[in-house]
Amino acid sequence: MKLDDFEAVFRSSVKDRFHYEEPEVSGVVLVTDMDPDGAQALEDKVKPYVEDLVVDDLEWRTVAGPEYANVPELVGLVGNHAAGLIVTYRHINGAIKSLPHSLGSYVDSLTQATNVPVLLLPSPESEHFDATLQRPRKVLVVTDHIQGDDRLVNWGVFVCPDEGELLLAHVEDDETYARYMEIIGMIPDIDTATFVERVRAKLLERPAYYINTIAETLREKNQERVTPIVTMGHALSHYKKIISEHNIDLIVLNTKDDNQLAMHGMAYAISVEIQYCPLLLL
Amino acid sequence: MLSFHATSLANASAGSAGGSHVKFIFLGVLIAMIAALALEEKIHAKKSMITGFFAVIALLLGAMFDILPKGAALTLPGSNHALPVYIPAIEWEVIAIILGSSLFIDVVSRSGIFTWTAIKLTKVSGGDPRKLLIYYSVLTVVFSAVLNNVTAMIIVGSLTAVSLSKLERKDLLLPFLLTEGFMTNIGGLLTLISSVPNIILGSMAGISFIKFFVVAAPYVIVATAATIWLATRLFGIKGLTTDDERAAAKELVASFDENDGIASQSFFTLSWFLLGAFICVIATTEWLPYIRQLGMGYVAMGFAIIALLRYKHEVDKNYAAIDWDLLAFFAYLFVVINVMEHAGVLALIGDGIKQLLALGQIGGGVALLWSSAAASSLTDNVPLAAVMGNILTTAGPHNSDWWFTIFGTNLGGNFTPIGSASTVVAVSIIHRNDLKLNFGTFVIKALPFAIAQLILATGYVILADAIGLI
């Protein structure tokens, strides 16, 4: 074994372990596009659900439609309140019919212009709205890179009731993988068969290890029901399948993309495709 | 015990060396080879290419000046087949030890026992830099003794880079790697098979494995402690002081999974057993019936074959991992040294050495130690050991002279970045991590360590001789 071999062994031995830290939520801002009465009625419906989800006795602020005229004003309002959680719904200030494949510019901006998690509910006009405001039994955390993402998992744990089931899904995109492996197969010095097999195993092994440490930690908190889903495939198809097969009540996912202002690619696809399930967008 | 057929062959014909001008021509060839080895990195040539080139030149010159044995060098008993001079010139027992132990160590390395031990110690340290330095230093010494200096440096050096990066203490990487580099040459002194100069000089002197260990071990312990103490002082490596710091560091090293490199638990366990058995059998070879007739090369090759059974369907991968450059380097080097002996060059150098020995038992020995260290700091210590061994064999020195030479050739490597293969590896890890260290800076940083180790060695060998340990 040579220097590279030993370096690889030691680098591989450094593995992310999960550390539980409860997110701090001191206040909530409910953002609506309704008049004050409508906003109050919505608050009455949503508040018990949110308090059950996070914590009681939150400092609550409901923003009605007339309080802001545009996106920057709304972002400013939310910023002034220093909220720990923003609650809003799809297509705020927009028509569902005209924007079926979009979240709308307001939601887009709230997820990207603030560091505050956004709990995105279905549109109140939707027939599914009332049904979604139930204590979740199954919470799904989705990502393509779960290892080391304590913040994402901590939020998943936080919003999952003790008696609930936390599903942790890590899906490696097989198309990207296949493209790289195709190129590897064109390099004569590399033993392609071994490489393909070992890269795949290593890609899946590390998130599985991390999820295992999550399960260990949660067992100590008496939360036994952690279901790992670590696989390779077409991410969106897998997520849709998991959501439908497991009757998921709440999805937790990252939306920030360090390289751009727009929402993280897969997050946007999930947000648009999965319309009838509340999403917690980090 | 090893025997040097080539040497005796050479001795038999040493009287046939040509005139003094011929000696100086060959001396020039030897100096040119040693200089080329010292400048190996600059001339971008592998060691084996350098010694191979000079072996070809030396043999051709030897034939032209008619200094080589006439006809065949060795005729096999009961056969008409004769071997050319360059075949018995090679000390095959040394080659077998190096080849066998390299293969054996490569196979058991794959079980994860060395990486497991290294990571386990990292976790036990709790991420405290001073404890980490102590543990890694001791680990380097032990690995250098059991494996070889280069492998020890590779294992501990690569772990050091990863663990200090994880601990966000990359500022300590340079002092750690330097200290570990110095430790490899101390650990290389521990047993007869810990370094090639030990194998060559110890074998020529007829020192047994156990005797070597008994004499060298006390020095290794003292020198290890002294080097760690110096490193903490000179490099300012301090322990963690607050509970918060300790808790944070412990948390960071806890992310190491020592079991990650273990592919098979059964082979992992078997490898511990095999390694223990290997050390026991090597240490007791001279007393084991039948085995003692076959020697340590047989033991090393035998254990390599046993370990390779684990990978019997893909041994080509293990063969590919062998450092063929190193083996070819030794083979060609033995050929060059043999020709030099025929040419009378070693006798010429031996005359100079005799003047050192004439300084008296202690004075001569001390001069041998420091001159060997000086020579070894600038060139490879293997040719130095081979040359010195041949000269001392014919000079009939005092027992302690062998030990002065063994300590000098091993420890001299700590003076410069090219002084030993393991310090070369340490510097290469330093450069891989984008740390700046040139030749002069290395020497300035290494000087206090090398001088302290040599002063300790001088005092120790004198003392050991005085109390009859040697």
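Considering only residues in the stretch A:43-93 that are in contact with a strand residue (DSSP E or B) (Cβ under 8 Å, 6 or more places away or on another chain) and among the acidic types (Asp, Glu), the one that is modelled with the lowest pLDDT turns out to be A:59.
In this structure, does residue A:163 turn out to be assigned to a helix (DSSP H, G or I), surrounded by fewer than 19 Cβ atoms within 10 Å (Cβ to Cβ) and out of contact with any Pro (no Cβ under 7 Å at 6 or more places or on another chain)? Even if it seems obvious, please write down each step before you answer.
Details: assigned to a helix (DSSP H, G or I): no; surrounded by fewer than 19 Cβ atoms within 10 Å (Cβ to Cβ): yes; out of contact with any Pro (no Cβ under 7 Å at 6 or more places or on another chain): yes.
Judged against the criteria, residue A:163 is not a match.
Pairs are defined by a Cβ separation below 9 Å, a sequence spacing of at least 6 or placement on different chains, a first member in the stretch B:351-371 that is among the aromatic types (Phe, Trp, Tyr), and a second member that is modelled with pLDDT of 80 or more; the pairs so defined are B:370/B:404; B:370/B:408; B:370/B:412; B:370/B:454; B:370/B:458. Listed by first and then second residue, the pairs with beta-carbon distance under 9 Å, at least 6 apart or on different chains, first residue in the stretch B:206-228 and of a type in the set (D, E, K, R), second part of a helix (DSSP H, G or I), are B:211/B:202.
Pairing each residue of the stretch B:35-56 that is in contact (Cβ under 8 Å) with a residue 60 or more places away in the chain with any residue that is hydroxyl-bearing (Ser, Thr, Tyr) and in a loop (DSSP other than H, G, I, E, B), provided the two are 6+ apart or on different chains, yields C-beta distances under 7 Å for B:37/B:379; B:38/B:379. Only a single criterion out of (1) more than 14 Å from every other protein chain (Cβ to nearest Cβ); (2) more than 29 Å from residue A:160 (Cβ to Cβ); (3) over 26 Å from the mean Cα position of the chain (by Cα) is not satisfied by residue A:71, namely (3).
One line per residue, one yes/no per condition, for (1) closer than 22 Å to residue B:154 by Cβ; (2) at pLDDT below 90:
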| position | (1), (2) |
| --- | --- |
| B:367 | no, no |
| B:370 | no, no |
| B:378 | no, yes |
| B:388 | no, yes |
| B:395 | no, yes |
| B:422 | yes, yes |
| B:432 | yes, yes |
| B:437 | yes, yes |
| B:457 | no, no |
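Residues that are within 14 Å of chain A (Cβ to nearest Cβ), part of a helix (DSSP H, G or I), in contact (Cβ under 8 Å) with a residue 12 or more places away in the chain and not acidic (Asp, Glu) do occur in the stretch B:252-259, at least one of them.
Residue count for the stretch B:105-125 under the criterion of being within 17 Å of residue B:273 (Cβ to Cβ) and outside any helix (DSSP H, G or I): the result is 3.
Per-residue answers, yes or no, for (1) surrounded by 15 or more Cβ atoms within 10 Å (Cβ to Cβ); (2) at pLDDT 95 or above; (3) under 19 Å from residue B:449 (Cβ atoms):
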| position | (1), (2), (3) |
| --- | --- |
| B:221 | no, yes, yes |
| B:228 | yes, yes, yes |
| B:247 | no, no, no |
| B:253 | yes, no, no |
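Of the numbered criteria (1) modelled with pLDDT of 85 or more; (2) at negative phi; (3) of a type in the set (Gly, Ala, Ser), the one residue B:126 fails is (2). Restricted to the stretch A:1-47, and to residues there that are touching a residue at least 40 places away in the same chain (Cβ under 8 Å), closer than 28 Å to residue A:123 by Cβ and surrounded by fewer than 16 Cβ atoms within 10 Å (Cβ to Cβ), the residue that is farthest from the other protein chains (Cβ to nearest Cβ) is A:45. Against the definition (at pLDDT 90 or above, surrounded by fewer than 22 Cβ atoms within 10 Å (Cβ to Cβ), within 30 Å of residue B:33 (Cβ to Cβ) and hydrophobic (A, V, I, L, M, F, W, C)), how does residue B:277 come out, yes or no? Spelling it out, it is not the case that residue B:277 is at pLDDT 90 or above, surrounded by fewer than 22 Cβ atoms within 10 Å (Cβ to Cβ), within 30 Å of residue B:33 (Cβ to Cβ) and hydrophobic (A, V, I, L, M, F, W, C). Residues satisfying the criterion are present in the stretch B:208-229 (criterion: part of a helix (DSSP H, G or I), in contact with a Leu (Cβ under 9 Å, 6 or more places away or on another chain) and of a type in the set (Ser, Thr, Tyr)). Tallying residues that are within 13 Å of another protein chain (Cβ to nearest Cβ) and crowded, with 23+ Cβ neighbours inside 10 Å within the stretch B:111-136 yields 9.
Scanning the stretch B:226-259 for residues that are in contact with an Asp or Glu (Cβ under 9 Å, 6 or more places away or on another chain) and acidic (Asp, Glu) yields one hit, B:245.
Mind checking which helices (runs of 4 or more DSSP H) fall wholly inside the stretch B:315-375 and carry at least 3 residues that are over 30 Å from residue B:457 (Cβ atoms) and out of contact with any Ser or Thr (no Cβ under 9 Å at 6 or more places or on another chain)? Lay out the reasoning, then the answer.
Details: elements: B:315-320, B:324-343, B:345-357.
Hits in the stretch B:315-375: B:315-320.
The residue that is nearest to the other protein chains (Cβ to nearest Cβ), among those in the stretch B:425-442 that are without any contact (Cβ under 8 Å) to a residue 40 or more places away in the chain and over 20 Å from residue B:169 (Cβ atoms), is B:428. Counting only residues that are of a type in the set (Asp, Glu), touching a strand residue (DSSP E or B) at 6+ places or on another chain (Cβ under 6 Å) and within 25 Å of residue A:135 (Cα to Cα), the stretch A:150-191 holds 1 of them.
Whether a residue is modelled with pLDDT under 90, in contact with a Pro (Cβ under 9 Å, 6 or more places away or on another chain) and either within 13 Å of another protein chain (Cβ to nearest Cβ) or closer than 30 Å to residue B:55 by Cα (or both) was assessed, and residue B:196 does not pass this test. Provide a single number: the residues in the stretch B:141-185 that are more than 14 Å from chain A (Cβ to nearest Cβ), of a type outside the set (S, T, N, Q) and closer than 20 Å to residue B:279 by Cα. Number satisfying all stated conditions: 4. If you go through the stretch B:310-340 and keep only what is modelled with pLDDT of 85 or more, surrounded by 18 or more Cβ atoms within 10 Å (Cβ to Cβ) and either under 17 Å from residue B:54 (Cβ atoms) or of a type in the set (Val, Ile, Thr) (or both), you end up with B:328, B:329, B:331, B:332, B:333, B:334, B:335, B:336, B:337, B:338, B:339, B:340. When the stretch A:188-237 is filtered for residues that are among the β-branched types (Val, Ile, Thr) and either under 18 Å from residue A:171 (Cα atoms) or touching a Lys or Arg at 6+ places or on another chain (Cβ under 7 Å) (or both), the ones remaining, listed by number, are A:196, A:199, A:211, A:213, A:214, A:226, A:227, A:229, A:230, A:231.
The values are calculated or read from the model by the stated rules, or taken from the named source; none is laboratory data. Here the structure is a predicted model, which is why all the values come from computation and not from measurement. FYI the Cβ positions are ideal-geometry reconstructions off the backbone, even for glycines, and counts take in every protein chain you see.
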